[in-house]
1. What is the packing order of peptides 363-372, 205-214, 435-444, 487-496, taking the mean over residues of other C-beta atoms within 10 Å and listing the highest first?
2. Segment 278-350 to segment 677-708: how many Å between their Cα centroids?
3. Enumerate the amide H contacts of Arg492 below 5 Å, restricted to partners 5 or more residues apart or on another chain; note that Pro and chain-start residues carry no placed amide H.
4. What residues qualify as long-range amide H neighbours of Glu426, i.e. H under 5 Å apart, gap of 5 or more or another chain, H built at 1.01 Å from N?
5. When ranked by the protection proxy of mean other Cβ atoms within 10 Å per residue, highest first, what sequence do the peptides 509-517, 180-188 form?
6. Among bridges DSSP assigns within segment 604-721, what percent are antiparallel (round to 5)?
7. Within segment 643-735, list the trypsin sites (Lys or Arg not before Pro) lying in a DSSP loop whose Cβ has at most 12 other Cβ atoms in a 10 Å radius.
8. Setting aside same-chain residues fewer than 8 positions from Lys186, which lysines have a Cα under 20 Å from its Cα?
Amino acid sequence: VLGTLESRGVLRRMSDMLEVLMKRMDILARLENNTDFHRGDEARFPLDRFQPAAGLMERIQAIAQNVSDIAIKVDQILRNSLLSGKGVDGRRDQCEVPRDPKYPDCAGKVEWMRARWTSDPCYAFFGVDGTECSFLIYLSEVEWFCPPLPWRNRTAASPSPPPLPRVQAAFQSDLAHLLELIGTGKESLSFMKKRIRHLAQQWLRAAQRLETKLNGRQRDQKHILIHIGFLTEESGDVFSPRVLKGGPLGEMVQWADILAALFLLGHSLRVTVSLKELQSHLGVPPGRGNCPLTSPLPFDLIYTDYHGLQQMKQHMGLSFKKYRCRVRVIDTFGTEPAYNHEEYATLRGYRTNWGYWNLQPTQFMTMFPHTPDNSFMGFVSEELNRTEKQFIKSNKVSSMAVVYGKEASIWKGKEKFLAILNKYMEIHGTVYYETQRPPEVPAFVKNHGLLPQHEFQQLLRKAKLFIGFGFPYEGPAPLEAIANGCVFLQARFHPPHSSLNHEFFRGKPTSREVSSQHPYAEEFIGKPHVWTVDYNNSEEFEAAIKTIMRSQVDPYLPYEYTCEGMLERIHAYIQHQDFCTTLPSPPPPPKAKSPAMQSPPNPLALSPNATHLVWSPSSRQDPHSWPPLDSLQVWLSEPHHTCTETCRRHGLVCEPTFFRFLNKKEVFLQLSITCDSTESEMNHLYPAVAEGVHECYLQKEPLLFSCAGYNTKYRRLCPCRDYRKGQVALCRDCL
């Protein structure tokens, strides 16, 4: 039977089934990495318990390889028998694999196509039929591994006409069309639309103010795809069923605000929450995702999340690598460069289930400005007018507290804190339940159940205190409480929580140390609005409650979390962030042609007090650089500080796009650093100096430029910049 079409089909199906089985085992392994199996409790979960699974995986892979090898041999036998049994069919069977040094992979790709062209229906969709010519046509016209065939050039279409002038973006004044674009059918979508309607007037007023501020500046309208991957059925969509049951809403709050901002800025949007819609909008050919898109990508930008990123990679083939510079990834907790660079993460132990995408780190966009290596996207909180603020102040109940957290598990083990709090304040909760009161919530707590957003806001407007018990991390609710005149009380973590010591952060692509439940509130707002105390110290905890009850605090909302602040930030990103154009490295200063001629001055100059470097006022500005270079300051870190901390200590922000201007030996010399040797290596801490041995190190891989990370061996060169008051994402002249 060997060599017949039937046997080949059977082998193909076997190979495909084994491939599916391996994928499912890989999914199980990923789930295992995110569950209780990695709590570090080796007594309960000994490592050798999972050895058989690894062995089984290896055996399945070996079987799959054997089946694949047999299938390849069957293909070759079939092909040879077909060729020997048929006459030459015109030019289509007269093609030879070209030997062109400009296309070194061509022969190998043709060999692969001979063996595996039937493994994905997409190849047949593009005209591949098993002949040499069809392989070469595909590999030269659909993919780009082989040179164009000369006889195809004569029938090639004439050059495409020049692109039409771009439509200019105009601020929108009616959100009704956006609500249509979002669609229906999921509770999560209903939640987002309800939020957009609720904040509509604030959004519209903010758009009018920004339009006035920009004073008619020209802006190209962008075609933008918004694909919310975590809401697709293929990713499990665990959020939609929990919207009405107290589930986490932070991501949906942020996505609703992103949609509103992009729409009001006047860009053309498409919104998808299903894989089928995504494939349709992208132009994915039928098959398994091994082929490129059927036509050029029709979108200038794509906003998605990690789930959507994975789906795009699975279905875009080679086009994913070509177009990934247009992607913006909404990433709550951030992705640091050491985890993003695939090779480095694998070699140095930074690889997780969520990193290794080799994107520019600023393509990841976070909920809070905690990771300067990423872009700060944010969200908005409702802004109060003067009358509303005055009404809230006069109606506050100084002995009323609301607990942060809608899930009963958050209350477990908090009896000690609640007993102290109950001595002074009436405690209110908003814990979800269906029929019976959750046993974790003490009887003296007035539990309102899950409240609609407007009713929850009314509760916050009366309460004096909004108290967190350590979880959830970094959500929007504390900012809403502070905006409604509450004081937010939270626990200080000692030691700080991170991926090294805490289950929640394990596997996340960041080594960031979280010092409290809400680090942004602690660091960027602080007292009197935010109190961060040691909950293990009963006296400190009780003293904080007494002081808070006596204090008078006005409602407060940072500008960057207003509608205008978010519009301003997204506008700046769209206008200035370009990850598809490769920036040239700053050229070294030219050598003098004669003793009489001097090299042009170094663009960096020592500050008047000789503590750091600044961009010299006489130096030429790089037109490609954003933020503007005159906002740059170069500081040397202490051995135990990251660049993020170093810049913050000087009232500045670390700006990773500036690293390329200080990754030079001359910069060490300007700071009076002795370099007995200078090496260029891949390390996310470089450029840096090991002062004890006078060894200087430059960064070899631009994707690893990182504000995060420290080692007591090194002092790092840190690029810092100024920022606008209340808008840390933008420098003073960035708008």
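Please treat every number below as a calculation from the coordinates, not as lab data. Nothing here was measured: the structure is a model prediction, and the numbers come from that model. Cβ sites come from the backbone with ideal geometry, for glycine too, and all protein chains shown count toward neighbours.
1. Ranking the peptides 363-372, 205-214, 435-444, 487-496 by packing returns 363-372, 487-496, 205-214, 435-444.
2. Distance between centres, Cα-based: 29 Å.
3. Result for Arg492 returns Val533, Asp534, Tyr535.
4. Met400, Ala401
5. 509-517, 180-188
6. On the way: 17 of 22 bridges.
Around 75 percent antiparallel, to the nearest 5.
7. On the way: sites: Arg648, Arg649, Arg660, Lys664, Lys665, Lys700, Lys713, Arg715, Arg716, Arg721, Arg724, Lys725, Arg732; in loops: Lys664, Lys700, Lys713, Lys725, Arg732.
Counting only loop positions with at most 12 other Cβ atoms within 10 Å, the trypsin sites (Lys or Arg not before Pro) in segment 643-735 are Lys725.
8. Those lysines meeting the cut-off are Lys194, Lys245, Lys276.
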